[in-house]
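The values are calculated or read from the model by the stated rules, or taken from the named source; none is laboratory data. Values in this document were obtained by computation on a predicted structure and should not be read as measured data. Cβ placement follows ideal geometry from the backbone for every residue including glycine, while neighbour counts extend to all protein chains displayed. When the accessible area is computed, the model is the full protein with side chains, heavy atoms only, and any ligands, DNA or RNA have been set aside. Shrake-Rupley method; radii C 1.70, N 1.55, O 1.52, S 1.80 Å.
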Amino acid sequence: MIPIFHDMMDWEQRRSGNFKQVEAKLIDKLDSLMSEGKGDETYRELFNSILLKKIERETWRESGVSLIATVTRLMERLLDYRDCMKMGEVDGKKIGCTVSLLVSNLD
């Protein structure tokens, strides 16, 4: 499944010269899947490493690395948030997770 993201990035880059549409759809879908309990740390690591490997020779590598870093960072925050909610952490920790997630969306 992860190589399909590469193809989507490549197509969007050729079509519009950026990843804005792919990024928006990826983030939206990611939020939905993570809230359903899907995804884990292993998938986050695979997503990052496989995509970075696939874009090594692309002319749009630099902007691709930026997108991959953004999505990987968001996955990490969503996983942390989900773990906080599952484990019944104290309210301060939940607030910290929520703030971290919100701040990552502003980056």
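When 65, 22 are compared by accessible area of protein heavy atoms, the largest-first order is 65, 22, using a 1.4 Å probe. Accessible area per residue was computed with a 1.4 Å probe on protein heavy atoms; residue 27 scores about 50 Å².
Restriction of the trypsin sites (Lys or Arg not before Pro) in segment 1-73 to DSSP coil positions whose beta-carbon has at most 13 other beta-carbons within 10 angstrom yields 38, 57. In segment 1-84 the Cα-Cα distances spread across 5 Å bins starting at 0 as 3, 14, 28, 26, 16, 9, 4, 1 percent of all pairs.
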